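The values are calculated or read from the model by the stated rules, or taken from the named source; none is laboratory data. Remember, predicted model here, so these are calculated numbers, not experimental data. FYI the Cβ positions are ideal-geometry reconstructions off the backbone, even for glycines, and counts take in every protein chain you see.
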Amino acid sequence: MVGASEPMPDNETGSMELVTHKKLYLVAGRSNRALAEEIAVALGETLGEPNLAEFANGEIHCRFAESIRGCDAFIIQSHANSEESSINDTLMEQLIMVDAARRASAKRITAVCPHFAYARQDRKSSGREPITAKLVANMFAVAGASRLISVDLHSGQIQGFFDGPVDHLTAMPVLVDYLRGLEGELVIVSPDAGRVKVAERYANQLDADLAIIHKRRSSTVFNTVEAKEVVGDVDGKVCVIVDDMIDTAGTICAAAEQLRRSGASRVVAATTHAILSGPALQRLGDSSIEKVVVTDTIPLPEGADTGLIEVLSIAPLLARAIGAVFEDASVSEIFGGNNLT
């Protein structure tokens, strides 16, 4: 994928014509280095060195080790909390890398965000609230990103918040391959009404039935969920709760308890982003969920029970998407169009 510009003579005019060969430049921030290295291996590329460091006051500095003039740059960073940095740190680090690439004359800059920060605030649900998903999209545009790649955004309309192309990937092929190996009669469960379309796609892929959890969020206690009832037949069946993320695990655990009370024989959770904040690990360990299947868009926090949580690699899917963007090929064909609905 690496090439150079070569001068070619124009026989008719005697002038020189420049034929440009594209060069792929892959570089990553520090929040999920293992995933970035897997992507690089899948693409047959070497990760560039951004020389990230902090000033004494905590401000982030970046200086690419090699020239990236004219390159097609892909800057990989998951927005997530860790013991070393906050989600805000990882977001700012990627924005700084994008700005550095623009000022280093990269020809095209694609921000690869396996997990996109602030995506849950995609509309005003009450007065005097921000729309942070739009704010983050604006920040990437101002920094110099010409394209975004992300996996399972919290809602599809976020694609429209960025004025350039957005490749919205889905982890469904990775998760479906795992779920096909489960024994028993499967029922795909949507944890709330907002995820029904996604759950229906999983059900169609797995030739399974569909159920929905009717839930209500507490109007007085933040991040508290009450599961009210199950819509659909789950008696004696293996229930798979599908969602885009597990944060504090309140939704997933409340849904699991309601499913078991409704007669489910087993409960499995399948999700793309394992945020696992605060009490999440304790709640999952105490719940009736038999297995939590996640992807590695976000590294697991310290202390995660690897017997309970199964991590699947999203790197091959991201590598195929990056390769398609670099070659100006179709990304939606990777998913048979299922990432567009």
inquiry  = Here is a check on your reading of the model: is residue 268 farther than 20 Å from residue 115 by Cβ and not in a loop (DSSP other than H, G, I, E, B)?
reply    = yes
inquiry  = Tally up the residues in the range 175-191 that are under 13 Å from residue 233 (Cα atoms) and not in a strand (DSSP E or B), please.
reply    = 1
note = Considering residues that are out of contact with any Phe, Trp or Tyr (no Cβ under 8 Å at 6 or more places or on another chain), assigned to a loop (DSSP other than H, G, I, E, B) and aliphatic (A, V, I, L, M), the number found within the range 53-76 is 2
remark   = A careful count of residues in the range 283-341 that are in contact (Cβ under 8 Å) with a residue 12 or more places away in the chain and among the hydroxyl-bearing types (Ser, Thr, Tyr) gives 6
message = I'd like the full set of residues that are touching a helix residue (DSSP H, G or I) at 6+ places or on another chain (Cβ under 7 Å) and among the aliphatic types (A, V, I, L, M), limited to the range 285-301.
response = 289, 292, 293
query = residue 295 versus (1) within 26 Å of residue 173 (Cβ to Cβ); (2) surrounded by fewer than 24 Cβ atoms within 10 Å (Cβ to Cβ); (3) under 23 Å from the mean Cα position of the chain (by Cα): which is the lone unmet condition?
reply = (2)
remark   = Filtering the range 98-136 for residues that are surrounded by 11 or more Cβ atoms within 10 Å (Cβ to Cβ) and of a type in the set (Asp, Glu) leaves a count of 2
request  = Please work out if residue 316 is within 16 Å of the chain's Cα centre (by Cα) and assigned to a helix (DSSP H, G or I).
outcome  = yes
message = Just checking, does the range 212-225 include any residue being modelled with pLDDT of 95 or more, in the same structural domain as residue 285 (by TED's automatic domain parsing) and out of contact with any Phe, Trp or Tyr (no Cβ under 9 Å at 6 or more places or on another chain)?
response = yes
